[in-house]
Each structure stands twice: as structure tokens, then as C-alpha cells.
Amino acid sequence: MRTVPLNLVMTYPVYWSRYQVLRDYVQNFYDSVGYKEWNKRFCYTYSDSLLTMWIDEVSFNYEWLMHIGASTKTKESGEFAGFFGEGFKIASLCALRDMGWEVKMMSDDWLIDVTDIEQHIDGTPVRMLAYNITSREIINETKLILKNVNFDDYNLFKAVLDSFFYEENLIMGEKVWQGEEGAVFLRSKNPINQELPSTREFGRKGAVFCGYQMRGTNPFDLVICLHHYKQVDRERKSLYAFNVIDVFEGICRYIDAECAMVMLEKMRRYWNTYPKKKIDIYSWSGPINILIRKVANCDKTRNEFYQKHNNLLYVKRIRTISEKNRRWQAKSWLKNQYKKYILVKDTFRLLGYRSLEEECDINDGFVEDDNANSIQEKGFSIFEDICNSIFQGFFLYQRKPERKIITNYTACYHGMAVTYKKRHFEMNNMGLKVVSEIDKIYLKKEIFNMDGYYDGLSTYIHEMCHMFGGDTTISFSRSLTYATEILLKNHIVIADGKRKWEDVFAEEMNCYNGL
């Protein structure tokens with residue numbers, strides 16, 4: 001036996017966790033055979049605090065364990081997990097010093113006991129990591145023995161095994177796609193061990209493997225493996241959310257159309273996502289766009305996806321006031337449809353879907369208008385007289401709004417106001433700020449009948465309140481509350497307006513019967 005001191009003092013300020021130490025030990029074995037044979041060839045036992053792991057028909061020279069960063073991965077470099085090269089020495093330093101484990105490594109004709117010895121540097125005694133190296137009979141195997149490993153550490157070791165990429169990994173479910181660049185699996189029903197790396201924002205629903213090791217999680221029932229993605233920060237245990245999105249975008253460039261369809265369906269919650277700014281590293285928009293294009297480029301998957309999801313309508317970004325008004329109308333139409341549509345991003349047009357506005361237009365959902373006839377003019381006059389009588393100081397306007405009629409029955413709106421912003425704001429008698437001038441008020445044709453008075457009046461008042469803001473604003477909501485109180489306090493005026501309304505339509509009916 002001979003003792004070989006290493007250039008590594010025992011006080012070297014590196015502190016790996018038990019997980020990191022075990023992962024590095026397992027990685028040495030993983031790198032010796034690659035993922036294709038890993039499940040068949042890697043063996044381990046545990047008994048009486050002794051954890052032994054080995055692989056037959058693999059041997060190497062112990063000098064590879066003498067240097068930080070050295071690697072025996074010289075043949076099939078595309079199938080290994082070790083990108084960082086921390087080395088056997090650092091893992092053994094932490095195992096011996098911090099965990100109290102005894103470490104033995106053997107291969108070929110040698111056996112190493114990890115120990116420490118006293119050395120002197122400039123006359124000062126220091127403890128140094130060292131190997132006791134013993135010659136033995138040549139055996140074509142590589143074996144690591146760890147002593148003083150408790151049962152919790154053994155369970156941690158089994159969790160470490162799940163952190164390596166191989167098809168039989170219990171995290172993996174059904175294989176969806178595999179190539180030289182990576183693989184995509186559905187998630188199995190087996191839970192992801194709490195000791196494995198996770199991405200905080202995404203929980204532990206899906207897994208992400210980079211460089212053949214699990215480095216993070218994703219929010220879908222998917223296991224994504226991108227073999228040649230390198231994690232730059234070697235000290236960080238898990239991927240950030242933007243790293244995970246980057247991995248998804250990377251693997252999406254390699255997969256086929258059928259895999260893209262599976263992934264797209266699993267990522268449904270982000271079908272209508274757009275970047276929030278010009279460069280948005282936290283947006284799933286990029287991967288979703290690539291998946292849509294993959295599906296669209298294959299007739300089979302495009303048709304299959306369209307048949308399965310025939311209730312999608314895409315919405316493009318709106319840039320003008322006109323587009324904004326049409327969007328409001330189309331969304332109002334959508335709320336009243338029996339068929340439940342799902343709004344998605346505009347890239348879905350590549351799959352043959354119509355836009356929200358196109359579907360609304362086809363179904364005659366947009367407002368078709370006309371000028372008011374003589375009877376409708378009289379109805380408008382009644383509403384305007386009520387406003388002048390009981391809403392003085394509340395509604396402030398330069399002129400009466402133009403009267404318009406919504407003529408199509410299928411129109412999304414029962415009433416509608418066209419407004420434009422005032423240059424100078426005014427305050428009404430209730431302390432509400434008048435921000436818009438009402439240019440036109442539209443009422444639906446169906447209102448103008450003998451029984452339509454209250455429907456018409458409430459709709460007219462609602463539209464007049466838009467001088468205080470849009471439907472979703474607090475000021476608009478407050479104005480409706482105040483307006484309702486005013487109507488209730490003036491029930492005599494309201495009742496008188498009803499009699500006038502009925503007289504108008506009674507007169508119309510008499511004229512009709514006279515014809």
C-alpha cells in the first residue's frame with residue numbers, strides 16, 4: 001500500500017450536500033456506460049450502513065481520480081451527464097469531512113481508500129486529502145463502497161438515481177418522441193421525489209432533464225429532455241423558470257408533428273399567451289408558436305387537431321380604436337352564444353381557425369344600424385325629456401346624442417353609445433367626472449313596442465352613463481348606482497313617461513287598423 005497526498009486541504013471551503021455528493025458518485029458510473037445501458041448494467045446493494053455500487057466489464061486507471069475536471073468520457077460523448085467535471089476528489093472530501101462516510105473505490109488492479117494525512121506548508125501543519133492505494137488482482141469491474149451511510153441517506157441515493165436520464169426512469173411515462181437531441185415523455189403517476197431539483201414557480205408536475213440530468217420541473221404532465229443544453233451556473237441546483245422555457249423552445253425545434261400536437265394539448269393554458277414586452281424571457285409564447293407551426297406543417301396532425309378542438313377562435317392584437325370597438329362587440333356576442341368558444345393567440349390561424357371578429361361577422365353579430373323612423377323618434381324623445389327633467393346637473397352634454405337604431409336581431413348589443421374624449425373634464429352635481437361626450441346612442445329595434453318602455457329607458461340611461469367611463473370603470477359603476485336612485489325617487493315622472501309611451505304605440509296601432 002502507498003499513500004498519495006492530494007493538493008486539496010481538508011479545510012478547502014467547498015460544501016456539497018449529500019445529494020450533490022451522491023449524484024457525483026453515481027455520475028461517474030453513468031458516464032462509463034451511457035443512458036442506453038444504464039438500467040441493465042448499474043448495480044447496487046445496501047446493508048448494515050454499507051452502500052455498494054458497481055458496474056461489470058468497466059475499468060479505468062485511478063489517475064483519472066487524481067485531478068479536478070478530469071473525465072474518462074472519451075468515446076461516446078453524446079450520452080453522458082457530466083458537463084461540470086467537479087471530480088471524485090471534491091465529492092470524497094465532503095463525504096469524509098462533512099458526512100463521516102468511509103469511501104473505497106476499486107477498478108482494474110487497484111483499490112483506493114480515501115483518507116487524510118498531515119502535511120506541512122511553509123512549516124505549518126495542515127491536513128490534506130489523500131488516497132491509500134493498494135494493488136489487487138485484476139478484475140474487469142468498477143466498484144464504489146460507502147460506509148456509515150444511514151437509511152435516510154440510502155433513500156436519498158435512490159432519489160438520486162431518478163435524477164438521471166434513462167427510459168426506465170420511474171418519472172417517465174409513455175414515450176412520445178426520442179432523437180439524438182433529446183426526448184419527450186408523458187409523466188408517469190409516480191411522484192417526483194422532494195429531494196430532486198425543482199423550479200419554484202412550477203411545482204413538481206413535470207420534469208426537465210438537461211445534459212442527461214434532471215435540473216428542474218415544468219407545469220405540465222411532460223418530461224422534457226434536451227441533452228446538449230448546458231447549465232452555466234454550476235453551483236445552482238435547479239433551473240430558473242426562464243431556463244425551463246428556453247429548454248422547451250430548444251426541444252420544440254427537433255420534435256416531429258405528432259409530438260408537437262401532444263405537447264400543444266398539454267400546454268393548453270398558454271394557448272392565448274403573448275409576450276408582455278419586446279423581450280420577455282418568462283413568456284411561453286415562443287414554444288407555443290413553434291408547436292403550432294409544427295402541427296400546421298403536417299396535414300394529418302393539422303386536421304386531427306382541428307377536429308378535436310373545433311371551438312377555437314383566434315384574437316389578434318388590436319391597434320386602433322375601430323378594432324377595439326369591434327373587439328368589444330365581438331366579445332359581447334360571444335358571451336351570448338350557446339356554443340362555448342375558447343380564445344387563442346393569432347398563430348392558430350395557421351391551423352385553419354377563424355378570428356373572433358370573423359366568426360361574429362359570419363353569424364351577423366355586429367351591429368347593423370339605421371336612422372330612427374317617426375315612431376322610434378317619439379320614443380327617443382320620451383327618454384330625452386325624462387333626462388332633461390330629473391337628471392339636470394347629473395348628465396352634462398353640449399347637445400343631444402344622435403338617435404340610431406340597431407336593426408339586426410342577432411346583434412350583440414341591446415344598446416350602444418359612441419363616445420369621444422372631452423378635452424376639458426367637468427364635474428357633475430354628484431361629484432363624478434364627465435370624461436366623454438356622447439355622440440350617438442343606439443337602441444335595438446325590438447325595444448320599440450307597447451311593452452318596451454322600461455327596457456328602453458334603462459338601456460338609454462345605461463348608455464348615457466358612459467359619459468363617465470367604460471363598462472369596467474369604477475366611475476361608470478357609481479354613475480349607474482346614482483342614476484338608479486334618481487329614477488326611484490322620481491317614480492311619478494317615470495310613470496308619466498310610460499303613459500306617453502303607450503299612447504304613441506296605441507296611436508300607431510289605431511293607424512295600422514285603419515289601413
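The values are calculated or read from the model by the stated rules, or taken from the named source; none is laboratory data. If you're wondering where the values come from, they're calculated on a predicted model, not measured in any experiment. So basically every Cβ, Gly included, is an ideal-geometry build from the backbone, and we count neighbours across all protein chains shown. Heads up: the accessible areas ignore ligands, DNA and RNA and are worked out on the full protein's heavy atoms, side chains in. Shrake-Rupley method; radii C 1.70, N 1.55, O 1.52, S 1.80 Å.
Taking the Cα centre of the chain as the origin and placing charges on Cβ (Lys, Arg +1; Asp, Glu -1), which of Tyr460, Pro5, Val315 is farthest toward the positive end of the dipole? So the residue we want is Tyr460.
Here, the range 162-228 has an Rg and a Dmax of 10.4, 29 Å when only alpha carbons are counted. Residue by residue, the range 380-390 carries 3J(HN,Hα) couplings of 4, 4, 4, 5, 5, 5, 5, 4, 5, 7, 10 Hz when phi is fed to the Karplus relation 6.51 cos²θ - 1.76 cosθ + 1.60 (θ = phi - 60°); x denotes Gly or Pro. For the residue pairs Lys266/Lys294; Lys400/Lys422; Lys308/Lys339; Lys175/Lys345, the alpha carbons lie more than 18 Å apart in Lys175/Lys345. If the chain linking Asn429 and Arg253 were pulled fully straight, counting 0.36 nm for each residue of separation and taking away their Cα-Cα distance, it would gain 57.1 nm. Straight-line cross-link partners of Lys500 among the lysines, defined as a Cα under 19 Å from its Cα and at least 8 positions apart when in the same chain: Lys378, Lys445.
With the simple spin-label model, which puts each label point 7 Å out from Cα in the Cβ direction, the Lys300 to Arg399 separation comes to 6.6 nm.
Positive contributions from Lys and Arg (+1) and negative ones from Asp and Glu (-1), summed over other residues with Cβ under 15 Å from the Cβ of Gly497, come out at -2.
Applying 1/(1 + (r/R0)^6) with R0 = 30 Å to the Cβ-Cβ distance of Tyr44 and Lys308 gives a FRET efficiency near 0.10. For the range 35-47, backbone phi angles converted through the Karplus equation (6.51, -1.76, 1.60; θ = phi - 60°) give residue-by-residue couplings of 6, 5, 10, 4, 5, 7, 9, 7, 10, 7, 9, 9, 6 Hz, Gly and Pro being listed as x.
For the range 93-236, the orientation-averaged shadow of the C-alpha convex hull comes to 12.6 nm² (one quarter of the hull surface). With R₀ fixed at 41 Å, the C-beta to C-beta distance from Phe242 to Met10 puts the FRET efficiency at about 0.60. The accessible surface of the chain, taken with every protein chain in place and a 1.4 Å probe, is 48 percent carbon and sulfur. Using alpha carbon coordinates only, what is the Rg to Rh ratio of the range 447-494, with Rh defined as the Kirkwood radius? That ratio is 1.02, to two decimals. The 1.4 Å probe gives accessible areas that order Met1, Met172, largest first, as Met1, Met172. Aspartates and glutamates near Lys276 by alpha-carbon distance under 19 Å, same-chain residues fewer than 8 away left out - which ones? Output for Lys276: Glu201, Asp246, Glu249, Asp346.
Ligands, DNA and RNA are left out, and with a 1.4 angstrom probe the accessible area of the chain is 52 Å² per residue. Quote to one decimal, in nm, the extra length available between Thr407 and Lys331 on full extension: 0.36 nm per residue of separation minus the C-alpha distance between them. That pair, Thr407 and Lys331, stretches by 25.4 nm at full extension. Think of the range 358-515 as a dipole: +1 on every Lys or Arg Cβ, -1 on every Asp or Glu Cβ, centred on the Cα centre; then among Ser381, Phe476, Leu443, Phe476 lies furthest on the positive end. Accessible surface ranking for His228, His309, 1.4 angstrom probe, highest first: His228, His309. Rounded to the nearest 5, the antiparallel percentage of DSSP beta bridges internal to the chain is 85%.
The three principal axes of the C-alpha atoms in the chain carry coordinate ranges of 124, 56, 39 Å, sorted with the longest axis first.
A simple count of charges around Ala183, restricted to other residues whose Cβ falls under 11 Å of its Cβ and scoring Lys, Arg +1 and Asp, Glu -1, yields -2. If R0 is taken as 22 Å, the Cβ-Cβ distance between Asp496 and Ile375 corresponds to a FRET efficiency of 0.70.
Ranking Arg269, Arg200, Arg302 from most to least accessible surface, computed with a 1.4 Å probe over the protein chains only, gives Arg200, Arg269, Arg302. Ignoring everything but the protein chains, give the 1.4 Å probe accessible area of Asp455 in square angstrom, nearest 10. That residue has around 60 Å² of solvent-accessible surface. Loop sites here are GluC sites (Glu not before Pro) outside DSSP states H, G, I, E and B with no more than 10 other Cβ atoms within 10 Å. The longest part of the chain free of them is 236-515. A straight line joining the Cα centroids of the range 420-461 and the range 292-354 runs 33 Å. What is the sum of charges, Lys and Arg at +1 and Asp and Glu at -1, for the other residues whose Cβ falls under 13 Å from the Cβ of Asp116? Local charge sum for Asp116: -1.
Direction-averaged projected area, Cα convex hull, the range 326-444: 10.1 nm², rounded to one decimal.
The slack between Ile318 and Asp346, meaning 0.36 nm per residue of separation minus the straight C-alpha distance, is 9.0 nm.
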